[in-house]
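Colleague: I have a structure here, written as C-alpha cells, and I will follow up with some questions on it.
The values are calculated or read from the model by the stated rules, or taken from the named source; none is laboratory data. These figures come from a predicted structure and were not determined experimentally. For neighbour counting, all protein chains shown are included, and Cβ atoms are generated from backbone atoms with ideal geometry for every residue, glycine included.
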Amino acid sequence: MQRPPPTESYQPTAPQRRWTTARDRGCRHPGCQNRAGWADLDHVVAHADGGPTDCANLCCLCRRHHRLKTHAPGWSFHLDADGALLVTTPNGVTRVSRPPGIGFLEPFELGGPLSDADIVSVMPF
C-alpha cells in the first residue's frame, strides 16, 4: 500500500483514511485502547494553522483524546516521519506511541529517515 498524496481539502481522502487507519489501528494517544473504528482522523498540526491534509500529519485519536489535543491548554503533539506520536503533557512529561500497523507499510512509505536523536519509549501515563 503506497502512501496517498496530500490534498488541499480539510477532509482526508478515502485512501488517506485507509492508509492512516492501517498504520495506526486505533487511538494513538499513549495507553489508549480504542479501536480505529471509534477514532477520528486528526491533523497533528491543525489545518487552520497550516497543517497539511497529508498522512504525515494525520493520526487516529479517539474523540476524548482528539478533544484533549484540540481544546486542553499546554498539551503538545508531534508526529515523526516513522509514525511515532510524541505527546507532551502540560507539566513536560513526554510519552511515545508507536504505530502497531507499521509492519504493514514499506520503508519508502514512511518518509525521510529519523533524526539522530534517541527516543525512548516509556510506560503510558
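Colleague: Before we move on, is Gly31 at pLDDT below 95 and not in a loop (DSSP other than H, G, I, E, B)?
Modeller: For Gly31, the condition - at pLDDT below 95 and not in a loop (DSSP other than H, G, I, E, B) - is not met.
Colleague: Hey, Asp82 hits all of (1) closer than 16 Å to Pro100 by Cα; (2) assigned to a helix (DSSP H, G or I); (3) not small (Gly, Ala, Ser) but one; which does it fall short on?
Modeller: (2)
Colleague: May I ask you to list the residues in region 1-48 that are over 14 Å from the mean Cα position of the chain (by Cα) and of a type in the set (A, V, I, L, M, F, W, C)?
Modeller: Across region 1-48, the qualifying residues are Met1, Ala14, Trp38, Ala48.
Colleague: Let me ask you something else. Considering every residue within region 40-53, establish whether at least one is crowded, with 20+ Cβ neighbours inside 10 Å, on the phi < 0 side of the Ramachandran plot and not in a loop (DSSP other than H, G, I, E, B).
Modeller: yes
Colleague: Any residue in region 46-63 that's of a type in the set (S, T, N, Q): show its pairings with residues that are in a strand (DSSP E or B) at Cβ separation under 6 Å, as long as the two are six or more apart or on different chains.
Modeller: That search, which allows pairs on different chains as well, returns Thr53/Thr7; Asn57/His43.
Colleague: Here are Asp54, Asp80: which of them is at pLDDT 95 or above and either under 20 Å from Thr7 (Cα atoms) or in contact with a helix residue (DSSP H, G or I) (Cβ under 7 Å, 6 or more places away or on another chain) (or both)?
Modeller: None of the other options fit; the residue is Asp54.
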